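Below is one structure, written out as structure tokens, with a few remarks after it.
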Amino acid sequence: MAKGIGMMVGHAAVFDSLSVDLGGFVERIRPGAFRDCLASSVDILAFAHHEASAVLGRRSAGTLEVNEDSRGLAVVIYMPDTTAGRDTLASVQRGDLNAMSFQFRVVEDEWTRNTKDGKTVIQRELIKVDFNEVSIVAFPAYPETSIAEARSAVAPVFDAAMQRLNRPDLSARDARIANGNRRMRLWTGS
């Protein structure tokens, strides 16, 4: 497994959770929306603040793990010993950064218009999306996203991911992830 200065875990997207107002509408992501994209060979990168100059990890390099779990789009980033990596890690440790985002292209969606408390609410449901980037951000579109250092007490997401990875029906990729996570647990003493 690629070495780095630390490991971040979190969710870049959360299912069935409303986004902030995105300019006259809100969004919700349906479970399974990422499945096809994740099954493809698309290379996914992790950035700080959606900045391509601040690369934190890459799926093809083994420094970024992304999967769809029951909560949403689960992410593990092995942080690089770079200026962007050190700065982002320090900001997450301090609690200045605690959320994530993702860049996507809509493949299939559904729009609805409802009235709530006398106001019209327009909602888009993302049924299927393609994506190639996740980011650690200060202002997420989905407030329930999260990011934390794996060693911190704020990492129940990591423990839940470990339990899921210990299923007997692991694919070869999941087995590699599980082995890396087991090694990381030994390193962190958790």
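The values are calculated or read from the model by the stated rules, or taken from the named source; none is laboratory data. All values derive from a computational prediction rather than experimental measurement. When we count neighbours, we look across all protein chains shown, and the Cβ atoms used for this are built from the backbone with ideal geometry, even at glycine.
Only one entry in 36, 16 is over 14 Å from the mean Cα position of the chain (by Cα), surrounded by 12 or more Cβ atoms within 10 Å (Cβ to Cβ) and assigned to a helix (DSSP H, G or I), namely 36.
Residues in segment 86-118 that are farther than 25 Å from residue 51 by Cβ, assigned to a strand (DSSP E or B) and not β-branched (Val, Ile, Thr): 108, 109, 110, 111, 113, 114, 116. All of 139, 131 fail the test of being closer than 16 Å to residue 68 by Cβ and either at pLDDT 60 or above or part of a strand (DSSP E or B) (or both), apart from 131. Determine if segment 100-123 includes at least one residue that is under 14 Å from residue 7 (Cα atoms), surrounded by fewer than 20 Cβ atoms within 10 Å (Cβ to Cβ) and modelled with pLDDT of 95 or more. Scanning segment 100-123, I find no residue that is under 14 Å from residue 7 (Cα atoms), surrounded by fewer than 20 Cβ atoms within 10 Å (Cβ to Cβ) and modelled with pLDDT of 95 or more, so the answer is no. Quick one: is residue 109 charged (D, E, K, R), over 16 Å from residue 28 (Cα atoms) and without any contact (Cβ under 8 Å) to a residue 24 or more places away in the chain? It is false that residue 109 is charged (D, E, K, R), over 16 Å from residue 28 (Cα atoms) and without any contact (Cβ under 8 Å) to a residue 24 or more places away in the chain. Being of a type outside the set (A, V, I, L, M), touching a helix residue (DSSP H, G or I) at 6+ places or on another chain (Cβ under 9 Å), farther than 20 Å from residue 21 by Cα and surrounded by 14 or more Cβ atoms within 10 Å (Cβ to Cβ) is true of residue 71.
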